[in-house]
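Below is one structure; the comments refer to it alone.
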Amino acid sequence: MSRIYFAIVNRGKANPLMKKVKKLGIQEGTVLLGEGTIRSKVLEPLGLNQTQKEVVMIPVNKQQDEELHKVISEEFHFDQKNKGIGFSVPFAKWVPGSIHFGLESDVFEYSLIMAIVKKGMSREIIKIAHAAKARGGTVIHGKGTGEKQDYYFPINVEPQKDTVLIVVNNKVKDTVQEMISKELESDSEITGVVFSLPVVLTSGIFEGEYELEGGPSE
């Protein structure tokens, strides 16, 4: 079973991060632009709670994943708030006709909730998630080329769509996902889909804080 290592960092940090990754012998990776949210009682009413982010996605094996979490977290100070976070999701490269998918373990502390909605509706999804005790989120604005690609991870960033990424503790995962799902079903303006994936490893995620880093569960 392989993994996708995600790092969500401030704008401009993805290139030096990828240089560090390549020194570790890992050559593949994708960088997407995103917007994060900082939960702040002071900034939110002023509309100043959005931050510019870069989302790095790197296919790795278990050993590489563990090394990345250690090295990247130390190099980019993920132990400090608002510096960045890392998390990993297990995956199997899709093969035509395949219907099987297995995980290394049935026990995970965190999950990645993903909601794909119409462009411009992501802010409402973030508000709903916050009301359900989620601690932030990152939005990727879709921009497609229409070209067929061989994706390692079963996520296609669609044009005219917003993809919301939220990492949550499994204690609140069901509540957050259910509230988002109900909103999608009840509001004709917020059409989309929501689903969750297990997170096998994290770095830089702070529990119990009100103002957090602007990435998934940041």
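No value in this document is a laboratory result; all are computed from the given coordinates. Just so you know, these numbers come straight off a predicted model, no measurement behind them. When we count neighbours, we look across all protein chains shown, and the Cβ atoms used for this are built from the backbone with ideal geometry, even at glycine.
Annotations for the structure displayed:
- Packing here is the average count of other Cβ atoms within 10 Å per residue, and on that basis the peptides 189-195, 125-131, highest first, run 125-131, 189-195.
- Links that overshoot a 21 Å alpha carbon limit, given the list LYS70/LYS127; LYS20/LYS62; LYS161/LYS182: LYS70/LYS127
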